[in-house]
1. Could you check B:Asp256 against (1) more than 26 Å from B:Gly372 (Cβ to Cβ); (2) in contact (Cβ under 8 Å) with a residue 60 or more places away in the chain; (3) in the same structural domain as B:Phe326 (by TED's automatic domain parsing) and say which number it fails?
2. Is there a residue being crowded, with 22+ Cβ neighbours inside 10 Å and under 19 Å from A:Lys97 (Cβ atoms) anywhere in region A:185-200?
3. Looking at B:Thr279 and the list (1) more than 14 Å from chain A (Cβ to nearest Cβ); (2) within 24 Å of A:Leu54 (Cα to Cα), which single condition is not satisfied?
4. Can you find a residue that is modelled with pLDDT under 85, over 30 Å from B:Lys153 (Cα atoms) and charged (D, E, K, R) anywhere in region B:238-248?
5. What pairs can you find where one residue is in region B:131-156 and within 25 Å of B:Ala230 (Cβ to Cβ), the other is in a helix (DSSP H, G or I) and modelled with pLDDT of 90 or more, and their Cβ atoms are less than 6 Å apart, with a gap of 6+ or different chains?
6. Inside region B:268-313, can you point out the residues that are of a type in the set (Val, Ile, Thr), farther than 30 Å from B:Lys388 by Cβ and in contact with a helix residue (DSSP H, G or I) (Cβ under 9 Å, 6 or more places away or on another chain)?
7. Considering region A:43-89 alone, what residues qualify as being within 12 Å of chain B (Cβ to nearest Cβ) and surrounded by fewer than 18 Cβ atoms within 10 Å (Cβ to Cβ)?
8. Determine whether region A:195-218 contains at least one residue that is in contact with a helix residue (DSSP H, G or I) (Cβ under 7 Å, 6 or more places away or on another chain), part of a helix (DSSP H, G or I) and farther than 18 Å from A:Pro39 by Cβ.
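The values are calculated or read from the model by the stated rules, or taken from the named source; none is laboratory data. No experiment lies behind these values; they were computed from the predicted model shown. Don't worry about glycine lacking a Cβ; one is built from the backbone with ideal geometry, like all the others, and counts go over all protein chains shown.
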Amino acid sequence: MIKLSNVFKEYKLDGEIFAAVKNINLSINKGEFIAILGPSGSGKSTLMHLIGLLDNPTRGTICVEGKDVSKLSDSQLSLLRNEFVGFVFQQFNLINKLTVLENILLPTIYSKQKFSASPEERAFSLMERFGIKEKATSYPNKLSGGQQQRVAITRALINNPKVILADEPTGNLDTKTGDKILTLLTELNREDKITVILVTHEADVAVRAKRKIQIRDGEIVKS
Amino acid sequence: MQYLLFLIKGSLEDFRRNKGRTILTSLGILIGVSSVVLLMSFGLGLKKYIENQFESLGTNLVRIVPGRILSGGGFRSGPGAFGGIRFDEKDVASLKRIKEAEYIIPVFTKTITASSGKNSNIADLYASSADIFLGINLKTKYGAAFTKDDVEKRSKVAVVGPKIAAKLYDQEVKALDKIIKVQDQSFRIIGVLEAKGGGFGGPDLDSFVYLPYKTAFSLNPDKKFMVIIAKARTKVDLEVFRNDIKKQLLKRYKEDDFSVIQQAELLSAISSIFSIINTVLVAIAAISLLVGGIGIMNIMYVTVTERIKEIGIRRAIGATRKDILFQFLAEAVFLSLIGGLLGLTVSFLIVLLVQRVFPAYINLQTVAIALGVSSLIGIIFGVFPAKKAADLSPIEAIRYE
C-alpha cells in the first residue's frame, strides 16, 4: 500500500548536508499496525511526515497505492492527505476558534468523496462512539487532553481513511488516558481494518503494534 | 456552494473576533468609496442641471449681442457689458428678411422694482415680442400670454414668472388680473407662466416680468435692445443661419460691433469642461482607495502570520494551496466590500442632505462601480498575503508556535 525505496531527506545546515532520514526502504501493507520507534532526533517524525505526504524526500521514491507521489500535483497530494490519510498529532492540532464539531467537519469541506450519510451524521456517530458527543459545541481549549485527542481521532476518521498516522499520540497525556487512546487505535486497526502507523519513543507504547521498526540517526536499525 | 458558504462564514467569524481591527481597516475603504461616490454623484447632478438649462433655452436659437465676445452671459447682457452699440427696430426688420428665420425677437432687459401695492420686490424686466413665448418655450399656467396686437397697441399688460407672482401676490393664481407696478407705471397681469427652473448661476426665468416691447418703450426711451434672439426654421443649418445674420448686420455695423452666439454650443462646452474636472477629482479621490487597499494588505499579512499554525493544520487535513489562497482572498474581499457598502451608505445619506440645494444623485452605475472597485481592491491587495499563506510549507506551518 505504501512503499518507500531508498528514501533520503537531507537539509543543508551551515553549508553541511545533514540527513534527517537516510536510505529508508519500507513497505507497509493494508491492515497493519506498525510502530516506528526511536529516540528524539532519530528522524522518526520526518519519516512520518514523508509517509503522510506532508513533506517530499530529497532522494528516493514513495509510492502510495502504486502511484509515485513525487509525480503528483499539489491538489492531488492534498486530496490523498484528505481522503487516504488521517493524522493524529502529539499537540492535537485542533483549531481553537472552531467548535469540536466544526473541527471534525473540517476535512469534509476539502473532500470530494460522496458518502451515503451526511458529514454531520458521520461526525455524530463517530463522536458517540468515542464519547464526546455532548462536547460538539464546546471549544477544544475547554476540553481535557484525552478529550482533545479523541476529537483529533474523530477528525482523522471522518473521511474514512485507509491509514491513521499517529505521531506520539500519548505524548501529552497521562498514562491512563494515553492507554485509552492506544486501545482506541488498536480497535480501529482490529475492527475497522484501518492501517495504523504509530510513531513513538516509548517502548511500552510500541508494544501494542504487531510490527516494530526501530530507527536511529535516520536509519532503520531493526525491523 | 457549500464551500462558498463556508468561506463567508469563516471570514465573518474572524471579523467578529477582531471587531476593532476590521472596522479600522474598512474605514480606509469607506472613506475612499464615499469620496469617489460623492464626487460622481455631484458630477451627475451638475450634468443633469446643465441638461435642464439646455432645454430651458430652446433649440435652434442664436443670440445676437453687441460687442466682440467669446462667451455669452445668459440673458443679462446689460448695458456696458459689451460694445457700445444697441440694436433697434431697424435691425429687427432687416433680420426678418432672412429667409431661414422663423422668429426674430428683440429683447430689452432691465433690473426693476416690481410692486403689487402691498409687496414689492427687485425683479428683472424682460420686454420682448409675442414670439418670445414660443421661441424659448415659455408656457402660461394661468391666463394667457400677450399677443402681437398687444405689442402693436402698446397694451398695458404683463406676464409674470411664477416665483415673482408668488412673492408679490402670495399665490401664483392670485396674481391674475391684478395690477403690477413697474417703476410707478401700472400694468395688468394677464398671464402667469409655468415654472421653468434655472436660477443656479444662470437666468432665473421664473422671476421675470414680461412686457410687450413696444409698451415697455416708456421704460426704454432710447428704443434700443440688448439682445436679439433669432430662431431658425426647423432643419436649417445653424452655421448657415449665423452667417446670414452676420452678413445682414455687417451692412450696418463693423465686424467687432456684435456677436452671434449659439447658446447650446456654449453649454455643451461648459458641460464637457465640468465633466473633465469631475473626472480628475474622482481620480484624485481614488488615491484614498489605494491607501485603503494598502491598509487591507497590511492587516492581511498580520492575519496570515497569526494563523500560520491553522494554515498548517488545514493543509495537513487536505486543504490545497488554492483552498488556502481563496480563504484569505475571500477575507480580503469581504473586508473591502464591508468598507464599500458602508461607504455607499454614508454617501447616500450625504447626497440625501445635499439634494435640498443641489440635484446630486447616485445612479445604479455608481453603485456598481463602487462595489466592483472595492471588490477589486480586495483582490489586488489581498492576493499577495493570500499567496504567502498558500505557499507556506505544510510541515513548517504545522510546527509553527
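1. (3)
2. No, there is no match, as no residue in region A:185-200 is crowded, with 22+ Cβ neighbours inside 10 Å and under 19 Å from A:Lys97 (Cβ atoms).
3. The single condition B:Thr279 does not satisfy is (2).
4. The answer is yes, given that some residue of region B:238-248 is modelled with pLDDT under 85, over 30 Å from B:Lys153 (Cα atoms) and charged (D, E, K, R).
5. Once the first residue is within 25 Å of B:Ala230 (Cβ to Cβ) and sits in region B:131-156, its partners that are in a helix (DSSP H, G or I) and modelled with pLDDT of 90 or more give B:Arg154/B:Thr215.
6. Across region B:268-313, the qualifying residues are B:Ile270, B:Ile277, B:Thr279, B:Val282, B:Ile284.
7. A:Asn56, A:Leu72, A:Ser73, A:Asp74, A:Ser75, A:Gln76, listed by residue number.
8. No - not one qualifying residue is present in region A:195-218.
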